[in-house]
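Student: Right, I'll just put the structure down here and ask away after.
We did not get these values from a lab; they are worked out from the coordinates using the rules stated. Keep in mind that this is a model prediction, so the values were computed, not measured. Using ideal geometry, Cβ is built from the backbone for each residue, glycine included, and neighbour counts are taken over all protein chains shown.
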Amino acid sequence: MSAKDQRSKVENQEKTFPVIFDKIACDFQRLPELGLDLLLSSQEVVDCHWTPPEVARVAAQMLVTKLGTRVLDIGSGSGEFCLIGALTTGGHFTGVEQRGHLVKVAVQRAQERGIREVQFISANITEISFRDYEAFYLFNPFQENLMPMLKIDSSVELSQALYEDYTRHVANELEEAPVGTRVVTYIGGYAAIPSCYEAQDQAFQGDLTLWVKH
């Protein structure tokens, strides 16, 4: 696809965004219907783990600086950030999520809406090469390990040791990334940001922060 065609695609997606926005927002109410054995109520899952569509839109725009920017969502859940990002920017979004059943939901949602610039991987973050990506999104992906009362379900192992291992791994990978690498954190997640990154922009009363490696 040419750069002109890609720009036209993004413009058309922007026009239909309100409709897609409403559909994805409605998905929040369908969580029990999607075969998820949740320990929290649907609203608690949304509040604690799912990126609100309006936040996802701004975060994606912070991360995508050119057509085809490769973005990795660390702990992508059922895919809302990647789906919104692919709809409203010219970037390509990959979500990594260790809960395979959530990956299946994300893939289903992308297929239902014909969203192509997304990919979802069922894997542990330690299995992913950060060198394949230019920008990263973190919404407290490892917080469950410190706050078991907020866990989504019982399908994965949780512990403080795992929180420390995952956070250290992400920090090390980001430190090795090239100058100019962009990271957006939502409501915390700062522990994984190395000192070689500096905050360059914020939104939603400081809850959303853009970091750039200098």
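Student: Taking a virtual spin label 7 Å from the Cα of residue 157 along the C-beta vector, which residues in the range 92-127 bring their backbone nitrogen under 14 Å of it?
Tutor: Once the point is set 7 Å along Cα→Cβ of residue 157, 124-126 turn out to lie under 14 Å by backbone N, inside the range 92-127.
Student: At a 10 Å Cβ-Cβ cut-off, how would you order 82, 196, fewest neighbours first? Write down the numbers at each step before the final one.
Tutor: Values: 82 32, 196 14.
Going from sparsest to densest Cβ surroundings: 196, 82.
Student: What number comes out for the charge environment of residue 72, summing +1 per Lys or Arg and -1 per Asp or Glu over other residues with Cβ under 12 Å away? The partial results should precede the final answer.
Tutor: On the way: positive: 70, 131, 182; negative: 73, 97, 132, 134, 173.
Net charge around residue 72: -2.
Student: Net charge around residue 211, counting only other residues with Cβ within less than 10 Å of its Cβ (Lys, Arg = +1; Asp, Glu = -1)?
Tutor: Numbers: positive: 182, 213; negative: 198, 201.
Local charge sum for residue 211: 0.
Student: Here's a follow-up. Zone of residue 131 (label point 7 Å along Cα→Cβ, backbone N under 18 Å): which residues in the range 151-177?
Tutor: It comes to 169-177, nothing else.
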